[in-house]
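The values are calculated or read from the model by the stated rules, or taken from the named source; none is laboratory data. Fair warning: this is a prediction, and the values are worked out from it, not measured in the lab. Glycine also receives a Cβ, built like all others from the backbone with ideal geometry; neighbour counts cover every protein chain displayed. The area values use the complete protein model at the heavy-atom level, side chains included, leaving out ligands, DNA and RNA. Shrake-Rupley method; radii C 1.70, N 1.55, O 1.52, S 1.80 Å.
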Amino acid sequence: MSISPVPFVAKAHFFCAGPPKGGTSWLMRLLDAHPEAACSGEGHYFDRFYPLLMKTFEEYQRVLQLDAKLVFSEKPVLKPVRKSHVTSLLRHFMLERFAEYDPENRAKAHGDKTPHNWKDMPTLFSTFPEASLVFINRDPRDAAVSLFGHAKRRQLYKMDPEGPINRDQLIRAACNNWIGVNTSLAALQKERPERLVLVRYEDLLADAVTEYGRICAALGLSTEQDVLQAAVEACDFRKVSGRNPGERDQSSFFTSGTSGNWQTQLSPAEAGVVEDLCGHMMPAAGYEI
């Protein structure tokens, strides 16, 4: 069995990040709809695959050390395995995966939209130092509401035990993730501002073509109006859900296509929990309490 080599073609690389149920899937679809970009699925390269690689390399290092003790009198010929060996292998694997999603080699930029990419920025930038991070932010109260739907779908697909959804637990989980996202975002704004592309879900919803064009420009993609308009139309809520914006379906991945749903879907007490936990960061992110 032969292994196909990675095409040695210069590509830009970007990684989408944001709070769970914060709009990263819409962002992925928009970017994948651009003729110069390929961004499909959640690879979970840094939060799931990388730790497995590290375990493999650690076991390999343990065996080498044992060999050195038994065969070479603890004077090994080979130098110890370094983290750079792991990230080099990870990069090669990811480039092959990206190439699979771009079989015609049409794209100028390849990306991944795993929402938790914000948790693994040190490893991400060790692996792809040239990459951009496209952060999408969302009102934490709406993110909490959207998480209710996600929990219900997990029950429908038997991914979680049956039983009542613990709304308070989900709200607090959404808040913890939102705080983590915005803490990482603040660090990126300070340490690598040139690698950051920031958009708010609400702004993208209000003027998709303009915001999408700004993102594309930052990633070096074409911003011709007909290209932007075609991608936005291809990803329109009506087209992907079969419903008009505002027509809710909690069992669907595409819940309502609107913002501000927390005002009718959260009780005052529930909204208060979000504001108590996230309120210290909400104004800086552009959200009123």
So which helices (runs of 4 or more DSSP H) stay within region 169-248 end to end and still have 1 or more residues that are among the β-branched types (Val, Ile, Thr)? 208-218, 225-234, 237-241
Is at least one residue of region 102-114 of a type in the set (S, T, N, Q), surrounded by fewer than 20 Cβ atoms within 10 Å (Cβ to Cβ) and under 21 Å from Glu59 (Cβ atoms)? no
Looking at region 40-92, which of its residues are of a type in the set (A, V, I, L, M, F, W, C), out of contact with any helix residue (DSSP H, G or I) (no Cβ under 8 Å at 6 or more places or on another chain) and not in a loop (DSSP other than H, G, I, E, B)? Leu52, Val63, Leu64, Leu66, Ala68, Leu70
Among Leu64, Leu27, the single one that is at pLDDT 80 or above and within 30 Å of Val240 (Cα to Cα) is Leu27
Pairing a residue in region 137-162 that is within 21 Å of Thr183 (Cα to Cα) and surrounded by 21 or more Cβ atoms within 10 Å (Cβ to Cβ) with any residue that is modelled with pLDDT of 90 or more and charged (D, E, K, R), where Cβ atoms lie under 6 Å and the two sit 6 or more apart in sequence or on different chains, gives Asn137/Arg200
Filter region 101-134 down to the residues that are part of a helix (DSSP H, G or I) and farther than 15 Å from Leu188 by Cα, then identify the one that is nearest to the chain's Cα centre (by Cα). Pro115
Restricted to region 27-83 and to residues being of a type in the set (Lys, Arg) and open to solvent by 90 Å² or more (accessible area, probe 1.4 Å), the residue farthest from Thr223 (Cα to Cα) is Lys69
Cross-chain or 6+ apart pairs with Cβ under 7 Å, region 54-69 first and closer than 16 Å to Leu89 by Cα, then in a helix (DSSP H, G or I) and not charged (D, E, K, R): Met54/Val86; Phe57/His85; Phe57/Val86
Within region 115-136, tally of residues that are open to solvent by 10 Å² or more (accessible area, probe 1.4 Å) and either among the aromatic types (Phe, Trp, Tyr) or out of contact with any Ser or Thr (no Cβ under 8 Å at 6 or more places or on another chain) (or both): 8
Residue check, Glu224 against (1) within 24 Å of Ala174 (Cβ to Cβ); (2) at pLDDT 95 or above; (3) acidic (Asp, Glu), all met but one. Which one? (1)
Can Arg192 be described as modelled with pLDDT under 90 and open to solvent by 60 Å² or more (accessible area, probe 1.4 Å)? no
